[in-house]
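Written out below as structure tokens is the structure these notes cover.
The values are calculated or read from the model by the stated rules, or taken from the named source; none is laboratory data. These figures come from a predicted structure and were not determined experimentally. Please note: Cβ atoms are built from the backbone with ideal geometry, for glycine as well, and neighbour counts cover all protein chains shown. All accessible areas refer to the heavy atoms of the entire protein, side chains included, with ligands and DNA or RNA removed. Shrake-Rupley method; radii C 1.70, N 1.55, O 1.52, S 1.80 Å.
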Amino acid sequence: MSALVPFNPSPPNETRVRGGLPISSSTFQDAALTLNWAMGHGAELIPFYSPNVNISAAGSLTFAYRVEPRYQQVQRAWVISVKSQSASLAAFDFTPSVSGTTTTHYGAFRPEDLSTIVVVEDVASQSASEVEIGFTIDATDAITVMSVGCWEVPRYALATSASDGGIDLDSVLPREPIYDTTGKSYGGILESVVTARTAARRNGILQLSWGSSTTAGHSVSTTSASYDNPLRGSISQLSRLLYRTASAGTTRNHYWRVLARSAAAGPGAADCRISMTNGATSTISFTPSTTWTWYPSTAGAANTIAVNVEDLDEADGRRGAAWDDSTFEFRIASGTLHVASISIWESTSNS
Amino acid sequence: MASSVNKAFIRITAAQAAENDPCDAVIARDCIVNNAAHIADEAGQVRVAWIARDNEYISTGTHDVAYDFTHVVSYGPFPLSIRSDRTSYRMRIRLRGHYSGSSGDAYLVLSGDSDVTQAIQNVTGNAASFSVVSTTDGWITPDGGSNTVYMSEAQVSAATGVISTLDAVGGSPYQAAICTAYVHVYASTGVATDQIRITGVEAAEFIGS
């Protein structure tokens, strides 16, 4: 046995820990199992959404997202569903940007025959650093991309290293000594509590990419010099609650960038703004290039936006039983601003 | 059913957990029991987050039979988070849309099956119904008012299988047990040529109160 990742957590029972009583092995075992599960059970990198974009026969479209994966990730699963635009199967090639491995798939026409494909992509090395991931679809026949999602493949077992954070279950069996070593026993559990506090975050919050193209029906765009919402309305965000202290407040930061370009050289200054129901706002200001570029620059930190944290006393977790909605607005002084992707995630930086 | 006593993370100083210090009941209760439980309580993931671009929607299209539930869109499969009682984490859901022609109903279903159209009238805890009664687009209040759905222990068991997973980067394949699930949206109207138009879906895991 090693640092196995169980099917579900088994939170230790607080009533078994009392002053004057020994702390039983089962308490340590439950804590180890719960922490291994929290870090290894598979986080969502790209919450599912509907790009709802058409790709013509022989057309190609690239989707891009900024993410901060868990260090524990060794594989990720891309899940997309595609519909043929004609009453026959439509062929397309799918190529994840990191592995570069192309596979051919087919989309059906009728909604009830909607074809879902799952492509597992191996990562080259473990890392929790911010990175761009994505994929390219090369369509042989005309298709519509109906949904996209990506999650980290759950682990069978974690390594008992400081980075992977796994706890060897053998080390917490009855009559084992209590000692202080990474990945083992009481000391390892204390270290993994700190590791898991960051690692067990909810990675993807909102990831919308319509493909890097300026073709009508793909990226969202505006020519407005005043703020313009190119979406149907607002969509909610809710963050993990970590600390229940006055200084921690009732909001936490999520991180965000946009992938944008101008239609032609010499555009005016552009802004992308998020306004939350809780009153927080965050604005990314830039002068767009004619090539697709992430803003703010990936050479520096992403922008932050304060969103409500969950309330564990509420049946659905919403603070004050209200949705904390995000409204996206764009503007450009002159020219046309295209936005291909909006990426929002929980970072390791504020955990 | 938050499992942590304090429903929050408890800070300690490094000195309280220093090498060679004894493991007292306070450190064990706060640092190990409470904090490990709270990490799991807040480990739910956002599984679906979509809002359509302006003037865009996904619809039932023309369906064959009035009042027949028609598939609109599906999201998944994804690895559903399971609680210690072997039911799923509660899914905080939201559906946005409007109708064209005549009003109707929409269903959001959390299921391990890739298609549940035929069983949709029988689902209970893992589905929510929405009366689509406006031509103005917006988020729709679920019938009954509850914003959460979940899969029972039996449904979780039926949706559990194994997947191949690596033990390290470039490592050996092993099998891991996971419960995979989908979020499906179905809709119907009283006139077969009318449409329910869906413009936003949210589904986020939450431990439940």
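Summary of values
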| read-out | value |
| --- | --- |
| Residues that are closer than 22 Å to A:Ser10 by Cα, among the charged types (D, E, K, R) and within 7 Å of chain A (Cβ to nearest Cβ), drawn from segment B:12-55 | B:Arg29, B:Asp41, B:Glu42 |
| Unique residue being among the acidic types (Asp, Glu), within 30 Å of B:Ala37 (Cβ to Cβ) and at pLDDT below 95 when the list is B:Asp167, B:Asp143 | B:Asp167 |
| Condition check for A:Val119: outside any loop (DSSP other than H, G, I, E, B), touching a strand residue (DSSP E or B) at 6+ places or on another chain (Cβ under 9 Å) and more than 10 Å from chain B (Cβ to nearest Cβ) | yes |
| Total residues in segment A:241-258, condition closer than 14 Å to A:Asn350 by Cα, at pLDDT below 95 and not polar (S, T, N, Q) | 6 |
| Residues of segment A:88-125 satisfying the condition of being open to solvent by less than 40 Å² (accessible area, probe 1.4 Å), at pLDDT below 90 and of a type in the set (S, T, N, Q) | A:Ser115 |
| Any hit, segment A:51-63, residues being facing chain B (nearest Cβ under 8 Å) and under 20 Å from the mean Cα position of the chain (by Cα) | yes |
| Qualifying positions in segment B:18-64 - of a type in the set (Gly, Ala, Ser), surrounded by 20 or more Cβ atoms within 10 Å (Cβ to Cβ) and farther than 30 Å from A:Phe330 by Cβ | B:Ala28, B:Ala36, B:Ala37, B:Ala40, B:Ala43, B:Gly44 |
| Any chance A:Gly100 is free of Cβ contacts under 8 Å to residues at least 24 places away in the same chain and not charged (D, E, K, R) | yes |
| Output for segment A:333-351, where each listed residue is touching a strand residue (DSSP E or B) at 6+ places or on another chain (Cβ under 7 Å) and either assigned to a loop (DSSP other than H, G, I, E, B) or aromatic (Phe, Trp, Tyr) (or both) | A:Gly335, A:Thr336, A:Trp345, A:Glu346, A:Ser347 |
| Residues of segment A:58-72 classified as open to solvent by less than 10 Å² (accessible area, probe 1.4 Å) and farther than 13 Å from A:Gly204 by Cα, total | 4 |
| Options A:Gln85, A:Gln29: the member that is within 25 Å of B:Ser3 (Cβ to Cβ), surrounded by 17 or more Cβ atoms within 10 Å (Cβ to Cβ) and more than 9 Å from chain B (Cβ to nearest Cβ) | A:Gln29 |
| Strands (runs of 3 or more DSSP E) completely within segment A:129-239 that count 2 or more residues being open to solvent by 40 Å² or more (accessible area, probe 1.4 Å) | A:131-139 |
| A:Gly19 being within 13 Å of chain B (Cβ to nearest Cβ), surrounded by fewer than 19 Cβ atoms within 10 Å (Cβ to Cβ) and at pLDDT below 95 | yes |
| Selection status of A:Phe48, crowded, with 24+ Cβ neighbours inside 10 Å and within 11 Å of chain B (Cβ to nearest Cβ) | yes |
| Single residue of segment B:28-55 satisfying the filter (in a loop (DSSP other than H, G, I, E, B) and at pLDDT 95 or above) that is farthest from A:Gly149 (Cα to Cα) | B:Glu42 |
| 2 or more residues under 29 Å from A:Thr198 (Cα atoms) and of a type outside the set (Val, Ile, Thr): qualifying strands (runs of 3 or more DSSP E) within segment A:244-332 | A:251-262, A:270-276, A:293-295, A:303-308, A:325-332 |
